[in-house]
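Right, one structure below, let's go through it.
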Protein chains: 2
Amino acid sequence: MPEDRTTRAVIRDEALRLFAVHGPDVVTVRQIATAAGVSPGLVVHHFRSKDGLRQEVDQYVITVFEGMLSELTGESGPELLDESAAAARSLGEVFLRHLPVGSPLPGYLRRLLLSDTEAGRGLFRRLYAMSRETLDDLAESGAAARGGDPQVRAALLLVNDLSVFLLRDQLTGVLGVDPLSAAGLARWGPELLSIYAGGLNATPQAQQAEGGQA
Amino acid sequence: MPEDRTTRAVIRDEALRLFAVHGPDVVTVRQIATAAGVSPGLVVHHFRSKDGLRQEVDQYVITVFEGMLSELTGESGPELLDESAAAARSLGEVFLRHLPVGSPLPGYLRRLLLSDTEAGRGLFRRLYAMSRETLDDLAESGAAARGGDPQVRAALLLVNDLSVFLLRDQLTGVLGVDPLSAAGLARWGPELLSIYAGGLNATPQAQQAEGGQA
DNA sequence: CAGCAGACTAAACGCTCGTTCAATCGCCTG
DNA sequence: CAGGCGATTGAACGAGCGTTTAGTCTGCTG
């Protein structure tokens, strides 16, 4: 290990973890302090207030997430030519590639998107803009049509993607597998691609065209 | 009006409204009492505790929702023959048909589904079972294929439907129209049906086949 | 008409919350 | 080595919470 995290970072990480699971309204400063192994006063000393801590965690999470997304927009590498790979760029795969299992980040982002805060709205607008760009790219490459209402189609593709991790726990309950795990994505991805490729009536033969990659 | 609501019902309805918007953890007994025009003590007198009130509102909301759903499962009327109508049976349309505008019920159900409670899990399992039955019906009538993984396909169709009202506010923000309003559904429904009918590459001509009903 | 039962209120209780404050510790600087 | 400064703590404060309690009012019942 290069160097230990500062106490400030420990508090921030424990707050992130607890906020993601239980929500910032329910988690108390004393719980965060105990989890970080410090006194409640020190939390306020470092972050000015509980709300200041929440804002800093918000900013931290968004920054980390933006870093993950920059892979999708920044790299204009050769893999852009693979149409099915482009369509398969779900948030689930992004998480799986960048985060360790059990990371609290997806849960925190979920809360943020559902929270009716300016940070949440900004995050959603950002994702929507990305979705619109992706749809445009797909349309130009001929991989997908813009549809009769491109704004709605882009929104539809986005929220379909988001629903997987908004309802992650519920899906794990009924399917018996975490849809954001490697095993879960292996089942979810092909089914989604099948519908996107040919609709609900696509024949199984037609679906074999998208099963190639590992 | 046939008869006035009892004070007990007024308290329950105000709690439902406040819980739907702000969440049960944030709303206080005093807020509910003020909204209902009574004293805090009376709330506890009628419902034993705040948690008792929350449980009763849970049960009430689920009961009302089940009543709305019974239209879909109970009636085996002539409209079942219309394939596109069957595919279009979204929760949004159910809400639009049964609830007044501004009803707090969708918001409350949203909280319930995301809440990690037994009531929420039961509700989701119920919806998942309905989705599986619907997919089976569609498959037998030839309107849709079961897909390579019917369990995942049914879950996918369900969460795609749920995502519209989980992210209702965010969608209203970027689209400028409430997706659960009549105007919003008029834009959302055709786009979704288009994808379900032929995938992302369906030609506009093929989409005209599903634009008939008002 | 006596009396009971339920609806309802005002006040208070105990608790936990976020936050403050004074004091201590350890380290770097001059 | 003197001195200051940030990190850290334990105790305390005031506010707001859910809940309790004692009491009043009202309408029904015998």
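The values are calculated or read from the model by the stated rules, or taken from the named source; none is laboratory data. Values in this document were obtained by computation on a predicted structure and should not be read as measured data. When we count neighbours, we look across all protein chains shown, and the Cβ atoms used for this are built from the backbone with ideal geometry, even at glycine. To get the accessible areas, we keep the full protein, side chains included, count just its heavy atoms, and leave off ligands, DNA and RNA. Shrake-Rupley method; radii C 1.70, N 1.55, O 1.52, S 1.80 Å.
What the table below lists for this structure:
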| item | result |
| --- | --- |
| Volume per residue that the Cα convex hull of the range A:1-47 spans, once the total is divided by residue count, Å³ | 73 Å³ |
| Using a 7 Å Cα-to-Cβ projection, residue A:7 label spacings across copies, nm, ascending | 5.3 |
| Separation of alpha-carbon centers, the range B:146-184 and the range B:25-67, rounded to whole Å | 30 Å |
| Where the protein assembly as shown is the region considered: accessible area per residue in Å², 1.4 Å probe | 50 Å² |
| Two-decimal Rg/Rh across chain B, once Rg and the Kirkwood Rh are taken from alpha-carbon atoms | 1.03 |
| Lys, Arg +1 and Asp, Glu -1 on Cβ, resulting dipole of the range A:1-47 about Cα centre, debye, nearest 20 | 80 debye |
| Shortest-first nm distances, residue A:94 label point to equivalent points in other copies (7 Å, Cα→Cβ) | 3.1 |
| Environment charge at residue B:165 (Cβ cut-off 11 Å; Lys +1, Arg +1, Asp -1, Glu -1) | -1 |
| Added length on full extension, which subtracts the Cα-Cα distance from 0.36 nm per residue, residue B:21 to residue B:59 | 11.9 nm |
| Summed buried accessible area for B+A [probe radius 1.4 Å, Å², rounded to 100] | 4500 Å² |
| Per-residue average of Cβ from other chains inside 10 Å of A:165-178 | 5 |
| B from A by rotation - nearest chain A beta carbon to the axis, in Å | A:163, 2 |
| Additional length obtainable on full extension of the chain from residue B:29 to residue B:10, 0.36 nm per residue less Cα span | 5.5 nm |
| Selected from A:199, A:23, A:184 as most flexible by GNM, with chain A as the system and alpha-carbon contacts under 10 Å | A:199 |
| FRET efficiency, 1/(1 + (r/R0)^6) with R0 51 Å, evaluated for residue A:71 and residue B:49 via beta carbons | 0.55 |
| Rh by Kirkwood over Cα pairs, then Stokes-Einstein D for the protein assembly as shown at 1.567 mPa s and 4 °C, µm²/s | 55 µm²/s |
| Pairs of Cα atoms farther than 11 Å apart, the range A:101-142, % | 68 percent |
